[in-house]
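Trainee: Here it is: the structure, laid out below.
The values are calculated or read from the model by the stated rules, or taken from the named source; none is laboratory data. Just so it is clear, the structure is predicted and the values come from calculations on it, not from any experiment. Neighbour counts run over all protein chains shown; Cβ positions are idealised from the backbone, glycine included.
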Amino acid sequence: MRRPLLDRLPPPFRPWIFAVEDTTAQVTWRALPPGPVRFAAADTIVEVLSDGGPGSVVLGDLPPGSDLELRVQGAAGLPRSWARQRFRTLTPPPGEELARFATISDMHIGEIAFGVRAALLERPVPVEAHPVRATRSAIDALAAWGAGTLVVKGDLTHNGRAKDWATIGGLLAASPVATEVLLGNHDSYGAPGEPVPELALAPFGIVPARGAAPVAVTGLNLVLVDTTVPHERGGSVRHVQADVVDLLRADPRPAFLALHHHGERHAVPMFLPRGVPRTEMTGFVDAVRWARPATMITSGHTHRHRRRQVGPVILTEVGATKDFPGTWAGYVVHEGGIRQVVRRVDDPDLLRWTDHSARAAGGAWGLWSPGRRSDRSFSHPWPR
């Protein structure tokens, strides 16, 4: 029997297998009947006590590269159609694991609402706004996951106010993970008299990357690529392309490029916000693939999750920490490839908010932002 359409569209009411790795799977839910609930896959069993609201669980010790079934049992009134779901764990890239790092983006510290004309607001209004809580929770989660480096991919603040720079500076300075920072377009929207980002972040020991800046990661040439154009919403790579190509040619290791702006795929932009124009991005990707075919490019800015491939080069977009589905991304470097996993920020109060924010644009945001599971979690062997 086929499930009703609304049951299959995100954010689903049923338990949602949001993220998979080689040996783990993250399951989140909007609401379960109150009482003890058992989640099982392969030989792994995790029991939780549902309070009737949202929640999350990570199933570990799963067999890699395997077709599995998630079994949900125990809650009185649990619909039969929710009890079993199939998924597949990732097959790791070839070789040993060398390093782990993570990214977050689009925190928009200073924002308190979401959606068209800021129509969605947390009720009751909390003392600490959801962008601050989501950023802190994401940092705690990625540190526990094992990331050795954190890359922040821009839009740290909503409009570059001094008090918001102080907030994000404090959060990043307290991070247990070494942190590197790119700026986004929103970070340059400060009114006259507000500090420039470099001066605002200097007291916290944070220096935003400008141009093309390499970051030390074992087994990988990780490069931060500044795509911002002062006071413009869209981005550019023309000014930095030659420097990126030089860095890729000088280092024989596979490359990973972190950008704020995505590359537009069409000559006429098909959605907002504006990214890097198609002609610029096409030339940039072509130059990258010739300089270093073993390259992955990831961006933020769109607040959505997508994955595509241009020749041997993988390009991904990863969503925001603070609105649906509310995520951070982890990357595992292997000798022969890389794998990406995108997990939700899983504090119940934040799950409640991010699921609520899926109602933006008449509910279209809940369908647009998550992408497919294969857009969020995948393994990519480097081309030979």
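Trainee: Any idea which of V72, V37, V58 is out of contact with any Ser or Thr (no Cβ under 7 Å at 6 or more places or on another chain), of a type in the set (A, V, I, L, M, F, W, C) and assigned to a strand (DSSP E or B)? Full working, then the answer.
Mentor: Details: V37 fails: out of contact with any Ser or Thr (no Cβ under 7 Å at 6 or more places or on another chain); V58 fails: out of contact with any Ser or Thr (no Cβ under 7 Å at 6 or more places or on another chain).
Checking each option against the conditions leaves just V72.
Residue by residue, here is whether (1) surrounded by 23 or more Cβ atoms within 10 Å (Cβ to Cβ); (2) among the acidic types (D, E); (3) not assigned by TED's automatic domain parsing to the domain that holds D243 holds:
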| position | (1), (2), (3) |
| --- | --- |
| A294 | yes, no, no |
| T298 | no, no, no |
| R307 | no, no, no |
| D323 | yes, yes, no |
| G326 | yes, no, no |
| W368 | no, no, no |
| R372 | no, no, no |
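Trainee: Also, I was wondering about something else. Please go through the stretch 242-289 and give me each residue that is of a type in the set (K, R) and either part of a loop (DSSP other than H, G, I, E, B) or not assigned by TED's automatic domain parsing to the domain that holds V313 (or both), ordered by number. Step through it out loud before you land on a result.
Mentor: Our first condition is that a residue be of a type in the set (K, R); within the stretch 242-289, this holds for 249, 253, 265, 274, 278, 289.
Those that are of a type in the set (K, R) and either part of a loop (DSSP other than H, G, I, E, B) or not assigned by TED's automatic domain parsing to the domain that holds V313 (or both): R253, R265, R274.
Trainee: Within the stretch 307-328, track down each residue that is farther than 17 Å from A361 by Cβ and among the charged types (D, E, K, R).
Mentor: Our first condition is that a residue be farther than 17 Å from A361 by Cβ; within the stretch 307-328, this holds for 307-318, 321, 327-328.
Residues satisfying the conditions are R307, R308, E317.
Trainee: Quick check: is even one residue across the stretch 182-199 outside any helix (DSSP H, G or I), in contact with a Ser or Thr (Cβ under 8 Å, 6 or more places away or on another chain), more than 21 Å from T302 (Cα to Cα) and assigned by TED's automatic domain parsing to the domain that holds H303?
Mentor: no
Trainee: Okay, next question. H301 versus (1) at pLDDT 95 or above; (2) within 29 Å of S56 (Cα to Cα); (3) in contact with a strand residue (DSSP E or B) (Cβ under 7 Å, 6 or more places away or on another chain): which is the lone unmet condition?
Mentor: All conditions are met except number (3).
Trainee: Looking at the stretch 141-167, which of its residues are out of contact with any Ser or Thr (no Cβ under 6 Å at 6 or more places or on another chain), within 20 Å of V318 (Cβ to Cβ), in contact (Cβ under 8 Å) with a residue 24 or more places away in the chain and of a type in the set (A, V, I, L, M)?
Mentor: Within the stretch 141-167, A141, L142, A143, A147, V152, L156 qualify.
A quick yes/no check of all residues on (1) under 19 Å from A19 (Cβ atoms); (2) at pLDDT below 95:
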| residue | (1), (2) |
| --- | --- |
| T327 | yes, no |
| V332 | yes, no |
| E335 | no, no |
| V342 | yes, no |
| V345 | yes, no |
| G363 | no, yes |
| S377 | yes, no |
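Trainee: Just to be sure I understand, how many residues within the stretch 110-131 are crowded, with 19+ Cβ neighbours inside 10 Å and at positive phi?
Mentor: 1
Trainee: For residues that are loosely packed, with under 13 Cβ neighbours inside 10 Å and under 28 Å from the mean Cα position of the chain (by Cα), tally how many sit in the stretch 66-80. Spell out how you get there, then give the answer.
Mentor: Within the stretch 66-80, the first condition is being loosely packed, with under 13 Cβ neighbours inside 10 Å, and the residues that meet it are 67, 69, 76-77, 80.
This time we only want the ones that are under 28 Å from the mean Cα position of the chain (by Cα), so: 67, 69.
Adding up the residues that qualify gives 2.
Trainee: Going by the conditions given, is A42 surrounded by 14 or more Cβ atoms within 10 Å (Cβ to Cβ), of a type in the set (G, A, S) and more than 30 Å from A129 (Cα to Cα)? It would help to see each step written out before you state the result.
Mentor: Numbers: surrounded by 14 or more Cβ atoms within 10 Å (Cβ to Cβ): yes; of a type in the set (G, A, S): yes; more than 30 Å from A129 (Cα to Cα): yes.
Taking the combined requirement at face value, the residue satisfies it.
Trainee: Checking the conditions here, which among V288, V223, V217, V245 is more than 26 Å from G95 (Cβ to Cβ) and at pLDDT 95 or above?
Mentor: Numbers: V288 fails: more than 26 Å from G95 (Cβ to Cβ); V223 fails: more than 26 Å from G95 (Cβ to Cβ); V217 fails: more than 26 Å from G95 (Cβ to Cβ).
Unique residue meeting the criteria: V245.
Trainee: Looking only at the stretch 145-181, which residues are more than 19 Å from H260 (Cβ to Cβ), outside any loop (DSSP other than H, G, I, E, B) and over 16 Å from the mean Cα position of the chain (by Cα)?
Mentor: A162, K163, A166, T167, G170, A173, A178
Trainee: Any residue that is more than 14 Å from the chain's Cα centre (by Cα), at pLDDT 95 or above and over 11 Å from D323 (Cβ atoms) - is there at least one of those in the stretch 352-360?
Mentor: Taking every residue of the stretch 352-360 in turn, none turns out to be more than 14 Å from the chain's Cα centre (by Cα), at pLDDT 95 or above and over 11 Å from D323 (Cβ atoms).
Trainee: So, in the stretch 356-377, exactly how many residues are in contact with a Ser or Thr (Cβ under 9 Å, 6 or more places away or on another chain) and more than 18 Å from G300 (Cβ to Cβ)?
Mentor: Residues flagged as in contact with a Ser or Thr (Cβ under 9 Å, 6 or more places away or on another chain) and more than 18 Å from G300 (Cβ to Cβ) within the stretch 356-377 amount to 2.
Trainee: Ok, one more. Would you check if L224 is buried (at least 22 other Cβ atoms within 10 Å of the Cβ) and either outside any strand (DSSP E or B) or among the hydroxyl-bearing types (S, T, Y) (or both)?
Mentor: So L224 does not fit the description; no.
Trainee: Yes or no: the stretch 97-116 includes at least one residue that is touching an Asp or Glu at 6+ places or on another chain (Cβ under 8 Å), over 23 Å from H356 (Cβ atoms) and at pLDDT 95 or above.
Mentor: Yes; the residues of the stretch 97-116 include at least one that is touching an Asp or Glu at 6+ places or on another chain (Cβ under 8 Å), over 23 Å from H356 (Cβ atoms) and at pLDDT 95 or above.
Trainee: While we're looking at this one, here's another question. Do we find that R304 is in contact (Cβ under 8 Å) with a residue 60 or more places away in the chain and either over 18 Å from the mean Cα position of the chain (by Cα) or on the phi < 0 side of the Ramachandran plot (or both) in this structure? Outline the logic, then answer.
Mentor: Working: in contact (Cβ under 8 Å) with a residue 60 or more places away in the chain: yes; either over 18 Å from the mean Cα position of the chain (by Cα) or on the phi < 0 side of the Ramachandran plot (or both): yes.
When the stated conditions are applied, R304 passes them.
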